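Reviewing the structure listed below.
The values are calculated or read from the model by the stated rules, or taken from the named source; none is laboratory data. Bear in mind the structure is a predicted one, so any value in this text is a computation, not a measurement. Counting neighbours? That spans all protein chains shown, and the Cβs are built from the backbone with ideal geometry, glycine included. Protein only, heavy atoms only, side chains kept; ligands, DNA and RNA dropped before computing areas. Shrake-Rupley method; radii C 1.70, N 1.55, O 1.52, S 1.80 Å.
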Amino acid sequence: MTEGELKNRRIIIKDMENDQLIADTQIIRYNSLSNSVMISAASFQEKKFYNISAIIFTDKGLYESYGTIRGVVTGNEIEVFLGKSKEKEDRAKTRYPISVEGNVKGIYIDNKEVSLHRGIHIETLNMSANGVLIKADAGSFDVGEIFTLVLEIGKETLELQCAVVRIHKSDVLLDEYGCRIDEIRIAQREEQT
């Protein structure tokens with residue numbers, strides 16, 4: 001990873017000890033020598049040592065890291081040591097609560113994307129480096145179905161090619177769909193005037 005890939009990118013950090021979300025913020029800068037990023041100290045209520053897992057949203061995809069935070073504040077910034085970073089892998093990865101509304105813009109039939117006239121509205125419940133759990137109207141998808149999901153996160157638009165791997169009945173009107181992320185495209189949204 002490089003400074004250009006990580007600067008101003010969203011990072012979500014969880015405490016490995018209790019699986020609690022401790023920060024959802026932007027990276028200020030990256031130090032390749034120590035494989036660390038600087039984030040705002042205001043992102044943390046308690047400045048202490050943490051063993052952490054983090055998910056970073058980059059142009060090239062989502063990266064998951066396991067590292068530490070030592071709790072030392074320097075100039076209103078805290079250093080996050082990333083440790084080893086892996087691009088999306090197996091389902092056992094840490095899940096990060098992300099509540100974002102989105103739209104399914106197309107489904108795949110015979111390996112070709114078919115655009116939907118009216119997209120299927122969804123809400124994300126959580127995300128890992130290789131999967132997303134969404135909530136949508138009951139019966140929207142079947143296991144094995146592939147679709148393109150569009151999420152607007154901050155100034156970026158994420159386009160995810162997803163495959164449904166499991167379905168859980170949430171209530172009479174809504175289902176939860178566990179989806180594997182097969183492909184990620186990230187684009188900067190243009191400022192509206």
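Could you grab me the full set of residues in region 27-44 that are in contact with a helix residue (DSSP H, G or I) (Cβ under 9 Å, 6 or more places away or on another chain), part of a strand (DSSP E or B) and not hydrophobic (A, V, I, L, M, F, W, C)? Outline the logic, then answer.
Let us first name the residues in region 27-44 that are in contact with a helix residue (DSSP H, G or I) (Cβ under 9 Å, 6 or more places away or on another chain), namely 27, 29-32, 37.
Imposing the further condition that a residue be part of a strand (DSSP E or B) reduces the set to 29-31, 37.
Scanning region 27-44 gives Arg29, Tyr30, Asn31.
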Q: Working only within region 146-160, note down all residues that are at pLDDT 95 or above and open to solvent by 50 Å² or more (accessible area, probe 1.4 Å).
A: Ile146
**Q.** Number of the condition not met by Asn111 [criteria: (1) among the polar types (S, T, N, Q); (2) surrounded by 13 or more Cβ atoms within 10 Å (Cβ to Cβ); (3) over 24 Å from Ser65 (Cβ atoms)]
**A.** (2)
Q: Being open to solvent by less than 80 Å² (accessible area, probe 1.4 Å), in contact with a helix residue (DSSP H, G or I) (Cβ under 9 Å, 6 or more places away or on another chain) and either modelled with pLDDT of 85 or more or within 17 Å of Asp182 (Cα to Cα) (or both) narrows it down to one of Ile56, Ile52, Ile69, so name that one.
A: Ile56
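Within 23 Å of Asp19 (Cα to Cα) and either part of a loop (DSSP other than H, G, I, E, B) or modelled with pLDDT of 95 or more (or both): which single residue out of Ala163, Ala129 fits that description?
Values: Ala163 fails: within 23 Å of Asp19 (Cα to Cα).
Unique residue meeting the criteria: Ala129.
In region 135-154, which residue that is part of a loop (DSSP other than H, G, I, E, B) and either polar (S, T, N, Q) or under 14 Å from the mean Cα position of the chain (by Cα) (or both) is nearest to Phe57 (Cα to Cα)? Walk me through how you get there before you give the answer.
Step one: list which residues in region 135-154 are part of a loop (DSSP other than H, G, I, E, B), which gives 138-145, 154.
Pick out the ones that are also either polar (S, T, N, Q) or under 14 Å from the mean Cα position of the chain (by Cα) (or both) and you get 140, 154.
Working: Ser140: 27, Gly154: 11 Å.
The extreme case among them is Gly154.
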Q.
Restricting to region 20-35, name every residue that is surrounded by 18 or more Cβ atoms within 10 Å (Cβ to Cβ) and small (Gly, Ala, Ser).
A. Ala23
(Q) Against the condition modelled with pLDDT of 90 or more and over 19 Å from Asn126 (Cα atoms), how does Met1 come out, does it pass? (A) no
Q: Kindly list the number of the only condition in (1) among the small types (Gly, Ala, Ser); (2) part of a strand (DSSP E or B); (3) under 27 Å from Ile12 (Cα atoms) that fails for Gly106.
A: (3)
Q) Since Asp171 meets every condition but one in (1) at positive phi; (2) assigned to a loop (DSSP other than H, G, I, E, B), which condition does it not meet? A) (1)
Q: Tell me, yes or no, whether region 44-54 has at least one residue that is of a type outside the set (Ser, Thr, Tyr), in contact (Cβ under 8 Å) with a residue 24 or more places away in the chain and more than 15 Å from Lys14 (Cα to Cα).
A: no
